[in-house]
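Please treat every number below as a calculation from the coordinates, not as lab data. This one's a predicted model, so the numbers in the text were calculated from it and none came from an experiment. No Cβ is skipped: glycine too gets one built from the backbone with ideal geometry, and neighbour counts run over all protein chains shown.
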Protein chains: 2
Amino acid sequence: MATIKPSLAKGTRDFSPLEMEKRNHIFNTLKAVFKKFGYNEIQTPSFENLSTLTGKYGEEGDKLIFKILNSGDYLAKAPSDLLDSKNALKLIPHISEKALRYDLTVPFARYVVMHQHELALPFKRFQIQPVWRADRPQRGRYREFYQCDVDVVGSPSLLNEAEFILIYHEALLALGLTDFTIKLNNRKILSGIAEVIGKPQLIVDMTVAIDKLDKIGLDGVNKELLERGFTAEDLDLLKPIILLEGTNSQKLQALKTVLASSVVGLRGIEEIEEVFSYVEHFAAASLLDKVVEVDITLARGLNYYTGCIFEVKTNEVAMGSIGGGGRYDDLTGMFGLKDLTGVGVSFGADRIYDVLEELGRFPSSAAATTQLLIVNFDKSIEPFTLRLLADLRAAGIAAELYPAAVKLKKQMGYADDKKIPYVLLVGEEETTSGDLSLKDMQSGEQRKVRAEELIDILRNNG
Amino acid sequence: MATIKPSLAKGTRDFSPLEMEKRNHIFNTLKAVFKKFGYNEIQTPSFENLSTLTGKYGEEGDKLIFKILNSGDYLAKAPSDLLDSKNALKLIPHISEKALRYDLTVPFARYVVMHQHELALPFKRFQIQPVWRADRPQRGRYREFYQCDVDVVGSPSLLNEAEFILIYHEALLALGLTDFTIKLNNRKILSGIAEVIGKPQLIVDMTVAIDKLDKIGLDGVNKELLERGFTAEDLDLLKPIILLEGTNSQKLQALKTVLASSVVGLRGIEEIEEVFSYVEHFAAASLLDKVVEVDITLARGLNYYTGCIFEVKTNEVAMGSIGGGGRYDDLTGMFGLKDLTGVGVSFGADRIYDVLEELGRFPSSAAATTQLLIVNFDKSIEPFTLRLLADLRAAGIAAELYPAAVKLKKQMGYADDKKIPYVLLVGEEETTSGDLSLKDMQSGEQRKVRAEELIDILRNNG
């Protein structure tokens, strides 16, 4: 077998023990919150039939789906003319019938439709799994990355929307973030605006343009609106809406006036008010002023969402959104199950990781692995140290004996590299006296402890 | 978009909430034990460069690797003669440069080589991730399944082997198994046997044959040995070894006599004795008689293992091995890093799942999701129930309010389907009296509780 220099496939990453601890800290924190709100975990396979995925993500999306080559003689049934003309695109369905998951939404829709007769509706699920996209890799963009979705299908109640606000709030606080904004909009308000302007058919153009307010300012937005078919009069009507300011209730009040003639627009405002009312019933009214912000420039996947739309940003670090989602009314229509309403949000785990790293907010426990390394001075001491090791582990403490009596420096280096907080030095003498030397690797302090004290010390510092 | 009837890709599975809880119970139990022994988690990408995987699993293995089609115009550089002749096999490297992970061993070797300068040796890692094989699916065999590997590289100490016995023992007990056998052999003993018979070149033939003793009996083994080049005299020499009986120390004593002339054979016996001595130092000597069994018919991946070989079987259910592993001396040689010794074992998570299911050994907590459902009688009561819900969740209790005031039967059906253990019935009257009705869904018993008692009740029964 020829020796090859090993490398990673482009756009993929290994996760070291320290990175895994931090990633697991994020995932475990999120899972605990999701479960407290009654969401259960599901998983779907890494690859789906190609036909399940094709056509769900637009033409560009289809190109970014990783296709899996059929096994065996995959060319046997390939039409010769496609091979002769090297028609790569048309050849795909003849040589590939499976593809890697591109997101968690389409597999979830397939899951719901296939399991519809066993599911107790409303079905509340979360799913944390990798997805794969043949994007050009760049800083912060990978070909394999995790998505983390929470959705409920089969319940039109706006209690669900209110609980997503609480979920975001509780989860982000639990992760150590202190200053973030949950932006809220409603597709029906956007429809109402397009309606009162008299250009309902231009709703997508309108929202695409005003969604850019942050980046290009009002002048830029106006320029784009004109290019997209709006008139100067339309801009006059839109301006106060785009520049809407004040508290959430002031904004909603102003919108009520503007949208007075639009049934759908008023319904959108009512929905937000009902969500707020639920949040207040949860005795969490203070959230609404501190954390939640009505933002009618928020659009996100407008072709998809039909009611409330969410987006979450941290205010502590410059970073794109760390989460988002909304209400949709036709998730499963693509698989023949009509009129199943749903609402869901996602957490951007990779971005949250970067934010916590930049702010130094990972708890030290997220780095803790082995609590204690017992130095190996001599094979003759092993009967003593191994029994001690057994006692420590029986008490639930992660501990190791260095597996050979090599130089002390090497053993201490091992503890350092592995970020083991305590090292126990046991020599011949200590096995009889019972006074063991415990070194705190962070402070460098060393003290004598009795074997029977050790468990308590490590438990309290663990 | 045409509606298609959704289906799973062949050989893949969805995991429902209940299945996920049970799978997580297995994985979390294993992880906790691995960590207690100083093993840390890593993850590698789902796909590797095809060149990293090709040639590592034999010709048959190569065929079972799922190849990923290159993105874009993947035929542009494909040689026309291969297309014309429909040479599927030779075309692969021209149209595919990535492939799905086939096992965790080769990616781990790549990881160790690529990260060798950052790793503190000995490097103790565990890895629990899916792998993919283009096998023909059948009962219990899937194209996507999880492997669960624990390995240490860079330490020749037999303490590691001893700890794997403890790890198997502690993990399987923690999972609720009570009667299992950890079989132990050593490649050097097998080499010694082939040596004393005078046919060292036939060691693979010998072990392949005697490995089948369980299935085909001594006559079958003898027949196969004769076919594979052994003589009637050889069989006479082999018979007492193959049929070796008694306690572990009796077996080792008998082997010492048989292998007296083989240096390597005696070394194999010494290694097992040293492993046993370590286990005894751990104050776990009783394990050696109860759980560990020297079995010289055990071969497992002989081309690979160089020292101790493990295999674990449950004695409570008819099932193949639920784990195995061994010592290897050239894991990373394929990537140019020579002489790095390692030892590792794996757990067969799918089989362990089936065993626990068959024996009914999953703890009820592995099914517990939401602890309490609050029935929704009327929207007017929501201010009361939502505040209660907030208090429960603040106390760490997973709880839900049914999101709409639909028929009681439907709400109770939801609790049933989701296996929620308690349901709280709060009507108009209860919001003023404060006496709430709590129903235990398993016993059917219903009693009055005060809101402030509720948290304690649910905590104690959770």
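Here are the numbers for this structure:
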read-out: Alpha-carbon centroid distance for the pair the range A:328-397 / the range A:65-115, whole angstrom; value: 35
read-out: Chymotrypsin sites (Phe, Trp or Tyr not before Pro) within the range A:280-338: DSSP coil, no more than 15 neighbouring Cβ in 10 Å; value: A:Tyr304
read-out: Amide proton proximity set for A:Lys212, modelled H, under 5 Å, gap of 5+; value: none
read-out: Debye, to nearest 20: dipole size of the protein assembly as shown, +1 on Lys, Arg Cβ, -1 on Asp, Glu Cβ; value: 1500
read-out: Sorted largest first, extent of the protein assembly as shown alpha carbons per principal axis (Å); value: 102, 76, 55
read-out: Kyte-Doolittle mean at least 0.5, axial Cα span of 18 Å or more - DSSP H helices of chain B; value: B:159-174
read-out: 222 nm mean residue ellipticity, helices alone, for chain B (DSSP H n ≥ 4; -39,500 (n - 2.57); rounded to 500); value: -13000 deg cm²/dmol
read-out: Nearest-0.05 FRET efficiency for B:Glu445 and A:Lys256, computed from C-beta distance (R0 51 Å); value: 0.50
read-out: Angstrom value of the Kirkwood radius, inverse mean 1/r, which spans all Cα pairs in the range A:64-155; value: 16.0
read-out: Partner chain coverage, peptide B:97-105 - average Cβ within 10 angstrom; value: 2
read-out: Relative contact order, percent, chain A [alpha-carbon distance under 8 Å, six or more residues apart]; value: 14
read-out: Charge-dipole axis of the protein assembly as shown as Lys and Arg at +1 and Asp and Glu at -1 on Cβ define it, positive-most pick from B:Gln127, B:Leu454, B:Ala399; value: B:Gln127
read-out: 22 Å Cα-Cα threshold exceeded, pairs from B:Lys183/B:Lys212; B:Lys31/B:Lys313; A:Lys35/B:Lys379; A:Lys98/B:Lys67; B:Lys124/B:Lys313; value: A:Lys35/B:Lys379; B:Lys124/B:Lys313
read-out: Rounded FRET efficiency, nearest 0.05, which uses the C-beta distance separating A:Tyr304 from B:Thr431 and R0 of 41 Å; value: 0.55
read-out: Taking A:Thr369, A:Thr231, B:Thr431 and counting other C-beta atoms within 10 Å, the order from fewest to most; value: A:Thr231, B:Thr431, A:Thr369
read-out: Euclidean distance of C-alpha centroids, the range B:1-45 and the range A:193-214, integer Å; value: 43
read-out: Coil-residue GluC sites (Glu not before Pro) of the range B:179-257, DSSP, other Cβ within 10 Å capped at 11; value: B:Glu245
read-out: Cα→Cβ-extended label distance, 7 Å offset, between A:His117 and B:Ala283, nm; value: 5.8
read-out: Cα-projected label distance for B:Lys410 with A:Asp330, points at 7 Å along beta-carbon direction, nm; value: 2.4
read-out: All aspartates and glutamates inside 13 Å of A:Lys10 as judged from Cα atoms, apart from same-chain residues fewer than 8 positions distant; value: A:Asp135, A:Glu144, B:Glu48, B:Glu97
read-out: Cleavage-rule hits, trypsin sites (Lys or Arg not before Pro), the range A:362-433, DSSP coil, Cβ neighbours within 10 Å at most 13; value: A:Lys407
read-out: B:Arg141-A:Ser380 FRET efficiency (beta carbon distance; Förster radius 30 Å; 0.05 resolution); value: 0.05
read-out: Order of B:Asp214, A:Asp135 - criterion: other Cβ atoms within 10 Å of each residue's Cβ, fewest first; value: B:Asp214, A:Asp135
read-out: Label point distance in nm, B:Arg13-A:Leu226, each placed 7 Å from Cα along Cα→Cβ; value: 6.3
read-out: Tail beyond 28 Å, pair distance distribution of chain A (Cα, percent); value: 64
read-out: Reachable aspartates and glutamates, given that their alpha-carbon falls under 13 Å from the alpha-carbon of B:Lys407 and they are not under 8 places away in the same chain; value: B:Asp378
read-out: Equivalent ellipsoid, the range B:368-460 (semi-axes from 5 times Cα gyration tensor eigenvalues, Å); value: 17, 16, 13
